[in-house]
Amino acid sequence: MWAFQFRRIAALGSLGVIAIGIACNGNDVQATPTQIVPVDPTPTEAASSEATPTQATSQPTATSTAPDASEVVRVSIAQFAFSPATLTVDPGTRVEWTNQDDVPHTATLNDVFDTDNITTGDSGSHVFDTPGTFDYICALHPDMTGTVIVR
């Protein structure tokens, strides 16, 4: 009877190499071949390898505009409320909403911005470039309201 046992699996992402060692035991026969298989990066992987670490890790799941703002202000969504409910920011600030409830939410202001559904643990954002007062809601729960004031 043959028994297969994986000895090691190592992925070297930046080199695009995967090494796999397999041991075969049976009838006093033992083989431990190691195979190195080059992996060609897809265009997406190649593009992400050129991004800085903060760009790759800070990308929100749902984004209504490009996250290239110089300042980020975070709003928590918990217990069916935005916190803080009102914030004042400078033009060019990205506001990022993070959902901590067990149900999806949005941050929506008609045709101005919409994060789409933000699921539990995920985030959505919008860059506020134009001065003004922006009263938004959760499109799924219209009782949830918030305000962003851009100076």
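Around residue 98, under 9 Å between beta carbons, what's the net of Lys plus Arg minus Asp minus Glu among the other residues? Once all neighbours under 9 Å are counted, the net charge is -1. With one equal scatterer per alpha carbon and no solvent term, the Debye-computed log10 I(q)/I(0) for region 94-151 at 0.15, 0.18, 0.19 1/Å reads -0.39, -0.56, -0.63.
Just subtract the alpha-carbon distance of residue 130 and residue 102 from 0.36 nm times their residue separation and send over the number in nm, one decimal. Mind dumping the intermediate values first?
Values: separation 28, 0.36 × 28 = 10.08 nm, distance 3.26 nm.
Net length gain for the segment: 6.8 nm.
Net length available on complete extension from residue 74 to residue 145 is 24.0 nm, with 0.36 nm assigned per residue and the Cα-Cα distance removed.
Out of the total accessible area of region 111-150 (probe 1.4 Å, heavy atoms of protein only), what percent is carbon and sulfur?
Its accessible area is 48 percent carbon and sulfur atoms.
The values are calculated or read from the model by the stated rules, or taken from the named source; none is laboratory data. No experiment lies behind these values; they were computed from the predicted model shown. In this analysis, Cβ positions are derived from the backbone assuming ideal geometry, glycine residues included, and neighbour counts consider all displayed protein chains. In case anyone asks, the SASA skips ligands and DNA or RNA and just uses the protein heavy atoms, side chains included. Shrake-Rupley method; radii C 1.70, N 1.55, O 1.52, S 1.80 Å.
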